[in-house]
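Just below is one structure, and these are the notes that go with it.
The values are calculated or read from the model by the stated rules, or taken from the named source; none is laboratory data. Everything numeric here is computed off the predicted structure, so don't read it as measured data. Positions of Cβ are generated from backbone atoms using ideal geometry, with glycine treated the same way; all protein chains shown enter the neighbour counts. Only protein heavy atoms, including side chains, enter the accessible area calculation; ligands, DNA and RNA are left aside. Shrake-Rupley method; radii C 1.70, N 1.55, O 1.52, S 1.80 Å.
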Amino acid sequence: MIPVLLADDEAMIRAGVRAILATDPEIEVVAEAADGRAAVELVRAHRPRVALLDIRMPRLDGLAAGAEIRRLVPETEVVMLTTFGEDDYISRAIGDGASGFLVKSGDPRELIAGVRAVADGAAYLSPTVARRVLTLGGERMSRGPAARELTSALTEREREVLALVGAGLSNAEIARRLFLVEGTVKGYLSTIFTRLNVRNRVQAAILAHEANLTTPTPPRPVDHEVSDVARAILSR
């Protein structure tokens, strides 16, 4: 099972999201919160695999709650769930370690795909968010040389792993692709994150794209295999 915490200040929204997630027998909502402070406390109590957080909540907004969750319970992955897609929200959420960013107006199947992908160790962004992330500020090309210089310090194997992260593969998929055990992949990722000074897979994937380490993959519909969804979205 994939234990999930759901936080939104609107009870009707929580009910709708919970109903969508309930259609997947491998996902279980173990706790719900109506504000960010309660979300942090419930994550500490239940240690869910994924925390789905609305951005605008009382007491503590979702962005601040997500940052605190990542600091206090790093094994819990944070996914922002919101109607808002402004660049400053996207930048702050990813900068604070969120592994996913879903827009409430998206296809409900994206919600399930996003939770499963993040729980599997991948990153997941709604298509509209992914396009904005990869071109945020219109500076992607200007960041290319710096990204290539930064990644040049990695070993050949580390660059291979980073490229597959950029292509949206999970740890298990990277392990199969490179004929490694999953624990070894996690070790490589820990070293890569430290050397590149990134906090999570989303930031690493962006850097892989900026360094031109990845090959674009044609996008596919959201009802395909979860790994394919994540790969397509991060390659847009």
- Tally the residues that are at pLDDT 75 or above and open to solvent by less than 70 Å² (accessible area, probe 1.4 Å), restricting the search to region 128-147. 3
- Message: Regarding region 30-49, can at least one residue be identified that is in contact (Cβ under 8 Å) with a residue 40 or more places away in the chain and within 14 Å of the chain's Cα centre (by Cα)?
- Response: yes
- Query: Do you know which residues across region 151-193 are in contact (Cβ under 8 Å) with a residue 12 or more places away in the chain and open to solvent by 40 Å² or more (accessible area, probe 1.4 Å)?
  - Reply: Ala153, Arg157, Arg159, Glu160, Arg177, Lys186, Tyr188, Thr191
- Within region 159-193, the count of residues that are under 18 Å from the mean Cα position of the chain (by Cα) and either part of a helix (DSSP H, G or I) or of a type in the set (Val, Ile, Thr) (or both) comes to 16
